[in-house]
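The values are calculated or read from the model by the stated rules, or taken from the named source; none is laboratory data. Fair warning: this is a prediction, and the values are worked out from it, not measured in the lab. Note that we place each Cβ from the backbone using ideal geometry, even for glycine, and neighbour counts take in every protein chain shown. Side chains included, ligands, DNA and RNA excluded: accessible areas come from the protein's heavy atoms. Shrake-Rupley method; radii C 1.70, N 1.55, O 1.52, S 1.80 Å.
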Amino acid sequence: MANRGYGAGFGPVWRAVLRDYRVGEGNRARARLGFLTPPEGRGRVLWIKAGGSPDALRLGVELLGAVRDRRRDLRLVMTFERDDPDLLRAVLRPWQRVGIGYGPCDRPRVVTRVLSRFQPCGIILVESDPPLNLLRRTLAPVAAVGTGPAPVPVAAAWPVSGAAQRDWEMNGQAGELLPPADPQARFAEAQADVVLRTLAGGGERRLWWWHGRAQQWPEWLTAWRGMATAADDILMASFADTGAPEEAALKVSAWDRSGLAGGSILHIDDRRWFAAAASAADAVHLADPGRAVLWQALAAGCAVTLGKEAAAATLPVPMLASSGAVVDHWRRLRGDDHQRRSLGDAARRRFWEERRQVDANLGALMDRVWTW
């Protein structure tokens, strides 16, 4: 969800502006008020407006690259509500006629100011709350990717789930409604990475991966220690929120790649290791199935279980609500390689099904952008 300082409320917007000035973020404050300048050069402007989550920013960058590959005649602007310098340094290149920075709020005068400065030929909303004032005032076609329905028409909508698709169908404001598909599946690494398993001694012992929230960890650790083979196996643990398991032998970011003893707990504290962890694991339990980690686990083709229903998709994987049920499931998988491979194959097939639909939707969206 977007930061309230980027909405239309007078109080939240001005409190955010004052807070930015107090901490020396004048550029962000001015951007929030719509004092933005399009990139230099000639050509019409296409505006990609990303929401406030890291997933929205990453998807915005992906769409920016796709549009640039298709429409070299345009000047491109991508605005965001939450910065991620590490991500932007990793994925962005020094493109010409491209401007990237903090975006405006949805106050009426701010929207009028930005539209006057950009005069966009098209707008792509990326996983944000519907900016109602912008949608009501712009004359440019709008594509909503991962954005909830709005009470005004949009040229195209790309829902990320079946539930979101039904919301758009009931809303009836999408000129073109694409099939549901989660764009985050596009970022999962589909190539198996066996390095972590080899380095951790996976040829001699089992590796398991648990991903959840810090408040869920104590219950899970108790259940894990009750597993008869816990002293021989290796548990990889990662948190969807802040924090770290105190019982972890070490963090993967500080690991010297030496072999791990049986019973070790390895904290996967760097999301860049998620692909390696998924490829190394004999099974994965996602107590908190965030979209990025979900698709990465499915792409690796490991035996996946969920602690709760995933918001983005219907999946052919077991739902196990209790830690004890997960441990029992892992105990059975430990002696049943056929079942483990069957679960992994089903997970991989579901990932590729989603990936193909994402690619089809991206192609359809770029075809529409071509006409703007």
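Quick notes on this structure:
- For Pro120: the one exception among (1) farther than 28 Å from Arg15 by Cα; (2) at pLDDT below 95; (3) open to solvent by less than 40 Å² (accessible area, probe 1.4 Å): (2)
- When Ala164 is tested against (1) closer than 20 Å to Trp295 by Cα; (2) in contact with an Asp or Glu (Cβ under 8 Å, 6 or more places away or on another chain), only condition (2) is not met.
- Restricting attention to segment 100-117, the residues being open to solvent by 40 Å² or more (accessible area, probe 1.4 Å) and among the β-branched types (Val, Ile, Thr) number 2.
- Neighbours by Cβ (under 9 Å, 6+ apart or cross-chain): first from segment 344-355, closer than 16 Å to Val293 by Cβ and open to solvent by 20 Å² or more (accessible area, probe 1.4 Å); second polar (S, T, N, Q) and not in a helix (DSSP H, G or I): Arg350/Thr314
- Index of the failed condition, Asp73 passing every other in (1) more than 24 Å from Pro130 (Cβ to Cβ); (2) in contact (Cβ under 8 Å) with a residue 60 or more places away in the chain; (3) surrounded by fewer than 18 Cβ atoms within 10 Å (Cβ to Cβ): (2)
- Within the option set Ala223, Ala240, being farther than 22 Å from Asp345 by Cβ and more than 19 Å from the chain's Cα centre (by Cα) holds for one residue only, Ala223.
- For segment 32-54, the count of residues that are part of a helix (DSSP H, G or I) and either open to solvent by 40 Å² or more (accessible area, probe 1.4 Å) or closer than 27 Å to Met366 by Cα (or both) is at least one.
- Residue within segment 199-212 that is hydrophobic (A, V, I, L, M, F, W, C), under 30 Å from His285 (Cα atoms), open to solvent by 30 Å² or more (accessible area, probe 1.4 Å) and at pLDDT below 95 present: yes
- Condition check for Arg58: open to solvent by 30 Å² or more (accessible area, probe 1.4 Å), among the basic types (Lys, Arg) and within 21 Å of the chain's Cα centre (by Cα): yes
- Scanning segment 133-160 for residues that are closer than 22 Å to Asp55 by Cα and surrounded by fewer than 18 Cβ atoms within 10 Å (Cβ to Cβ) returns a single hit, Gly148.
- Pair list, Cβ < 6 Å and 6+ apart or interchain, from segment 306-326 residues that are within 14 Å of Arg350 (Cβ to Cβ) and modelled with pLDDT of 90 or more to residues that are among the aliphatic types (A, V, I, L, M) and surrounded by fewer than 19 Cβ atoms within 10 Å (Cβ to Cβ): Leu306/Met319
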